[in-house]
Amino acid sequence: MGRDEALMVHVGAGESPPTLRLYQWDPPTISLGYFQHYADYGALPPPAGELAVVRRLTGGGAILHDLELTYSLTLPVGHALLTRGPNRLYEIAHDAVIAALGAAGLSTRRCGVSDDSGAARGPFFCFERRHCYDVLLGRDKIAGSAQRRTLQAVLQHGSIILGNRFAQQPTAQPGGDYDSLVAAVRDRFVEAFAAASGVRLESGEWSQAELQASAQLRGKYAGDEWTKRL
């Protein structure tokens with residue numbers, strides 16, 4: 001989480017290029033949305049209630065990160081992909097998710113309708129909520145995203161479920177070998193995102209400035225002041 005915030009700050013300042021980042025979580029961890037109350041996590045029974053917990057910069061419901069692939073997308077506010085508004089990023093990213101899952105043999109689609117969930121209301125888990133841009137496998141949610149917008153940058157987080165060992169978080173059940181799914185979806189997602197966005201992507205390394213900034217933010221995301229702020 002500290003690295004994503006560091007990217008948002010540096011991309012927004014023009015010190016880092018627009019960045020698409022992919023990562024996984026170990027151990028299984030619950031991330032709270034920016035506006036969620038910590039007490040809702042505290043009320044969870046085991047096993048979910050015994051997992052590590054962090055708070056994201058982005059909104060939406062909590063996510064139990066386990067057998068999944070997380071992406072973060074960070075753009076400066078003047079980027080061409082934002083000319084049609086920040087919601088266009090949901091369309092591009094989720095079209096790429098649909099293409100990537102299709103390459104892995106999973107037929108998915110956009111939800112098309114939204115429920116009345118909001119930044120600070122709705123079911124605790126993100127995957128119990130519905131937004132028109134969410135990706136469904138059958139009737140079950142398999143991918144969703146949320147944003148944080150500042151005057152300088154837009155950060156978008158998304159979670160692609162590739163397996164589920166925790167029934168407390170209701171999600172689609174893709175089936176198949178998890179490691180194979182991760183490899184297939186990761187590689188195809190990057191290709192599909194480039195195709196959907198019309199942007200050429202290049203692999204890159206962390207800059208020293210980004211690493212230093214994220215190291216300074218580590219304490220924030222590990223500490224109670226941020227995690228229990230609401």
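Bear in mind these aren't lab numbers, they're just calculated from the coordinates by the rules spelled out. Nothing here was measured: the structure is a model prediction, and the numbers come from that model. We place every Cβ from the backbone using ideal geometry, glycine too, and count neighbours over all the protein chains shown.
A few points about this structure:
- Screening SER31, SER72 for residues that are closer than 26 Å to ARG229 by Cβ, assigned to a strand (DSSP E or B) and in contact with a helix residue (DSSP H, G or I) (Cβ under 8 Å, 6 or more places away or on another chain) leaves exactly one candidate, SER72.
Every residue, every condition in (1) without any contact (Cβ under 8 Å) to a residue 40 or more places away in the chain; (2) of a type in the set (A, V, I, L, M, F, W, C), yes or no:
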| site | (1), (2) |
| --- | --- |
| GLY158 | no, no |
| ILE161 | no, yes |
| ARG188 | no, no |
| GLU225 | yes, no |
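- Answer residue from the range 173-230, given it is in contact with a Gly (Cβ under 8 Å, 6 or more places away or on another chain) and basic (Lys, Arg) and is surrounded by the fewest Cβ atoms within 10 Å (Cβ to Cβ) among those: ARG218
Listed here are the residues, each with its yes/no results for (1) in contact with a Lys or Arg (Cβ under 8 Å, 6 or more places away or on another chain); (2) under 30 Å from ALA43 (Cβ atoms); (3) of a type in the set (Val, Ile, Thr); (4) outside any helix (DSSP H, G or I).
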site: PHE166; (1), (2), (3), (4): no, yes, no, yes
site: THR171; (1), (2), (3), (4): yes, yes, yes, yes
site: PRO174; (1), (2), (3), (4): no, yes, no, yes
site: VAL185; (1), (2), (3), (4): no, no, yes, no
site: GLU191; (1), (2), (3), (4): no, no, no, no
site: ALA194; (1), (2), (3), (4): yes, no, no, no
site: GLY204; (1), (2), (3), (4): no, no, no, yes
site: GLN212; (1), (2), (3), (4): no, no, no, no
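- Only a single item in (1) in contact (Cβ under 8 Å) with a residue 40 or more places away in the chain; (2) exposed (fewer than 15 other Cβ atoms within 10 Å of the Cβ); (3) over 13 Å from the mean Cα position of the chain (by Cα) is not met by TYR23, and it is number (3).
- Any hit, the range 148-160, residues being over 17 Å from ARG21 (Cβ atoms) and crowded, with 17+ Cβ neighbours inside 10 Å: no
- Exclusive hit being more than 26 Å from ALA104 (Cα to Cα), out of contact with any His (no Cβ under 9 Å at 6 or more places or on another chain) and among the hydrophobic types (A, V, I, L, M, F, W, C), set LEU151, LEU230: LEU151
- Residues of the range 190-215 satisfying the condition of being of a type in the set (S, T, N, Q), within 29 Å of VAL53 (Cα to Cα) and free of Cβ contacts under 8 Å to residues at least 12 places away in the same chain: GLN208, GLN212
- Some residue of the range 117-139 being more than 14 Å from ILE63 (Cα to Cα), of a type in the set (Asp, Glu) and over 14 Å from the mean Cα position of the chain (by Cα): no
- Members of the range 27-50 that are in contact with a strand residue (DSSP E or B) (Cβ under 9 Å, 6 or more places away or on another chain) and acidic (Asp, Glu): ASP40
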